[in-house]
Amino acid sequence: MKFFRQTLRELQIGVIICGILNILIGMWFPKDRLAYVLGGILGTVTALVMSHNMANAIVKAVSDESKAVFRVRAAYIFRYLLAIIVMVVACISPYANPIATFIGIFSLKFATYLTPLIHKINLKINPNALESDGSEDLEEENIDDTPDVSGR
């Protein structure tokens, strides 16, 4: 479970990096820079909420398999309704740029591809902080339990 939380954290770091890049690169082009920055922040926060919701849905689905399909579908519908509502608000509001908001929400997709790179950087910076997912322990147990068939 710790490994899962760590992966979620790395994904959210990727979302934040993409959101910052969106704001820093994109704010130089529109006339209303403040609206672009606010739209970028709105989209990035929405992507963070969506990633957290996705992680919670996965944990709940794995813990209770009888309701897994329902929970995953409900979380899916919630995430997309949230994205639609945020985009409608950004399109209607004069305070948020809808393009920046869309790029911020879409940063969740970009961050997925950044996660392995962030994981490698995290390993180099702090190798002892990363927890294992337990698969190494299972492999060692399987190796030790094999009977000796060599005849010695």
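The values are calculated or read from the model by the stated rules, or taken from the named source; none is laboratory data. Note that the structure is predicted; figures quoted are calculated from it, not measured. Backbone-built Cβ (ideal geometry, glycine too); neighbour counts: all protein chains shown.
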The one condition in (1) surrounded by 18 or more Cβ atoms within 10 Å (Cβ to Cβ); (2) within 18 Å of residue 102 (Cβ to Cβ) that residue 11 fails to fulfil: (2)
Is there a residue being surrounded by 15 or more Cβ atoms within 10 Å (Cβ to Cβ) and more than 18 Å from residue 112 (Cβ to Cβ) anywhere in the range 48-57? no
Restricting to the range 89-104, what's the tally of residues that are in a helix (DSSP H, G or I) and either farther than 24 Å from residue 13 by Cα or not aliphatic (A, V, I, L, M) (or both)? 7
Hey, residue 93 hits all of (1) surrounded by 19 or more Cβ atoms within 10 Å (Cβ to Cβ); (2) under 17 Å from residue 32 (Cα atoms) but one; which does it fall short on? (1)
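Results for (1) of a type in the set (A, V, I, L, M, F, W, C); (2) over 19 Å from residue 7 (Cα atoms); (3) modelled with pLDDT under 90; (4) buried (at least 18 other Cβ atoms within 10 Å of the Cβ), shown as yes or no for each residue.
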| position | (1), (2), (3), (4) |
| --- | --- |
| 26 | no, yes, yes, yes |
| 31 | no, yes, yes, no |
| 38 | yes, yes, no, yes |
| 67 | no, yes, yes, no |
| 78 | yes, yes, no, no |
| 101 | no, yes, no, yes |
| 116 | no, no, yes, no |
Does residue 42 satisfy the criteria of being assigned to a helix (DSSP H, G or I) and free of Cβ contacts under 8 Å to residues at least 60 places away in the same chain? no
